Amino acid sequence: MNRKQKISIVLAGIAMFYLLLVIVFGDNGWLERRRMQSAHAQLVSANEALTQEILQMYRTIDRLQNDPAFLENVARQELGMIRSDELIFKFKSNTR
């Protein structure tokens, strides 16, 4: 091999190494693709969780609109409501 061929081979090797670096570390390179895939997977997971939460809310709304016993239970638990014929007893605690 003469000197010109050796220089051509070295330049081709440097160019291929540079392209490899661009492919791996570039703006749209392999590492960026992996990061984007990970972010996509997290977004899909969060989306599924939110979808399940929305479905649960729809079920709760339906029960609040159509189930008087559920509505009464929610009023008692969350709002502290009682019926007009019920009495509440409050006791003082003797803790010192």
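Key figures
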read-out: Of all residues in segment 26-60 being open to solvent by 80 Å² or more (accessible area, probe 1.4 Å) and among the aliphatic types (A, V, I, L, M), the one that is farthest from Val74 (Cα to Cα); value: Met36
read-out: Test for Met81: is it out of contact with any strand residue (DSSP E or B) (no Cβ under 6 Å at 6 or more places or on another chain), surrounded by 10 or more Cβ atoms within 10 Å (Cβ to Cβ) and closer than 30 Å to Val22 by Cβ; value: no
read-out: Condition met for Glu72 (open to solvent by 90 Å² or more (accessible area, probe 1.4 Å) and modelled with pLDDT of 90 or more); value: no
read-out: Some residue of segment 4-25 being surrounded by fewer than 10 Cβ atoms within 10 Å (Cβ to Cβ), at pLDDT below 85 and out of contact with any Pro (no Cβ under 8 Å at 6 or more places or on another chain); value: no
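The values are calculated or read from the model by the stated rules, or taken from the named source; none is laboratory data. All values derive from a computational prediction rather than experimental measurement. Here the Cβ is made from the backbone with ideal geometry for all residues, glycine too, and neighbour counts use every protein chain on show. Accessible surface areas use protein heavy atoms only, side chains included; no ligands, DNA or RNA. Shrake-Rupley method; radii C 1.70, N 1.55, O 1.52, S 1.80 Å.
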